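*Asks:* Pasting in a structure now, in structure tokens, and then I'll have a few things to ask.
The values are calculated or read from the model by the stated rules, or taken from the named source; none is laboratory data. None of the values given here were measured: they were computed from a predicted structure. For neighbour counting, all protein chains shown are included, and Cβ atoms are generated from backbone atoms with ideal geometry for every residue, glycine included.
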Amino acid sequence: MAKGPQYSDASDVIRLFRVATWFGPACFIMLSFLWGFMWNKGWISDGLFAFLLILNFPITVAGVVLIHRAVGDVSVFMVKTMFADGDIPPPPTYPRQDVLMAQGKYAEAADWFRDHLRIETGDHEARLRLAHLLEMRLTGYDEAERLYLEVRNAEPVANASEQLRATNGLIDLYRKLGRTGRLKVELGRFVDRYRGTSLAAGAERELKELKAADPTSESPHSPR
């Protein structure tokens, strides 16, 4: 759990002073009015009234510290959530490859991705990026297919987002290459896995159109 403010630097002291300035006097005055009202009604004795007035000081101080710590804890939690700190790993980045692709050096960027994957064999994000690069820029369709299949069949299993991207990559690749048999298989698998979603509905429509266009073709589960 994230720690609250420790009053270890000037900013903590300034925040504490602000809370004390805004909350302290108001708390002290309200408590004093409450004790005075109770004393005026005869609900408390003179001695208890005096004791409660003295007690205002520690109660106000405790309230200031409590509010400051609560605000600090909430701030720390929000920052960790917004910036993916703690248990949520940040997405991987590939600055060298991005620079090379921006310069149009696609083959060299692909080599950098391959070198990276030889070391980081479980980096499916890099595998997906390389597959997309090969498909879109280098016509490396066979290697792209292999990479997409590696992500989908990975052990341990890739996360749901990576598996979805790999399946979409295979569908796009087979559609581009005109490999209707394999496309039908992937569309059928997509419909079965994501049934009930708008994406699955679109895949099902495309599968029906392919079947209607080639009614004599082989079963969609027997790839060409």
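*Asks:* Of the conditions (1) surrounded by fewer than 17 Cβ atoms within 10 Å (Cβ to Cβ); (2) more than 22 Å from the chain's Cα centre (by Cα), residue 157 clears all except one; give me its number.
*Replies:* Here residue 157 meets the rest and fails (2).
*Asks:* Only one of (1) under 30 Å from residue 128 (Cβ atoms); (2) charged (D, E, K, R); (3) modelled with pLDDT under 85 is not met by residue 98, so which one is it?
*Replies:* (3)
*Asks:* When you scan the stretch 99-125, how many residues do you find that are in a helix (DSSP H, G or I) and either outside the structural domain of residue 158 (by TED's automatic domain parsing) or not acidic (Asp, Glu) (or both)?
*Replies:* Qualifying residue count for the region: 16.
*Asks:* Please determine whether any residue of the stretch 17-33 is in contact with a Leu (Cβ under 6 Å, 6 or more places away or on another chain) and modelled with pLDDT of 75 or more.
*Replies:* No.
*Asks:* May I ask you to verify whether residue 134 is surrounded by 15 or more Cβ atoms within 10 Å (Cβ to Cβ), touching a Gly at 6+ places or on another chain (Cβ under 6 Å) and of a type in the set (A, V, I, L, M, F, W, C)?
*Replies:* Against the criterion (surrounded by 15 or more Cβ atoms within 10 Å (Cβ to Cβ), touching a Gly at 6+ places or on another chain (Cβ under 6 Å) and of a type in the set (A, V, I, L, M, F, W, C)), residue 134 qualifies.
Quick grid of which residues meet (1) in contact with a helix residue (DSSP H, G or I) (Cβ under 6 Å, 6 or more places away or on another chain); (2) of a type in the set (Gly, Ala, Ser); (3) crowded, with 16+ Cβ neighbours inside 10 Å; (4) modelled with pLDDT of 95 or more:
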position: 93; (1), (2), (3), (4): no, no, no, no
position: 108; (1), (2), (3), (4): yes, no, no, yes
position: 111; (1), (2), (3), (4): no, no, no, yes
position: 116; (1), (2), (3), (4): yes, no, yes, yes
position: 128; (1), (2), (3), (4): yes, no, yes, yes
position: 142; (1), (2), (3), (4): no, no, no, yes
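*Asks:* Which residues, taken from the stretch 101-141, are in contact (Cβ under 8 Å) with a residue 24 or more places away in the chain and aromatic (Phe, Trp, Tyr)?
*Replies:* Hits for the stretch 101-141 are 106, 141.
*Asks:* What number goes with the only condition from (1) modelled with pLDDT under 75; (2) surrounded by fewer than 14 Cβ atoms within 10 Å (Cβ to Cβ); (3) assigned to a loop (DSSP other than H, G, I, E, B) that residue 14 does not pass?
*Replies:* (3)
*Asks:* What number of residues within the stretch 168-192 are touching a residue at least 24 places away in the same chain (Cβ under 8 Å) and part of a helix (DSSP H, G or I)?
*Replies:* 15
*Asks:* Please verify whether residue 94 is closer than 27 Å to residue 214 by Cα and within 27 Å of the chain's Cα centre (by Cα), treating the condition exactly as stated.
*Replies:* no
*Asks:* Okay, next question. Determine if the stretch 189-207 includes at least one residue that is within 26 Å of residue 106 (Cβ to Cβ) and of a type in the set (A, V, I, L, M).
*Replies:* no
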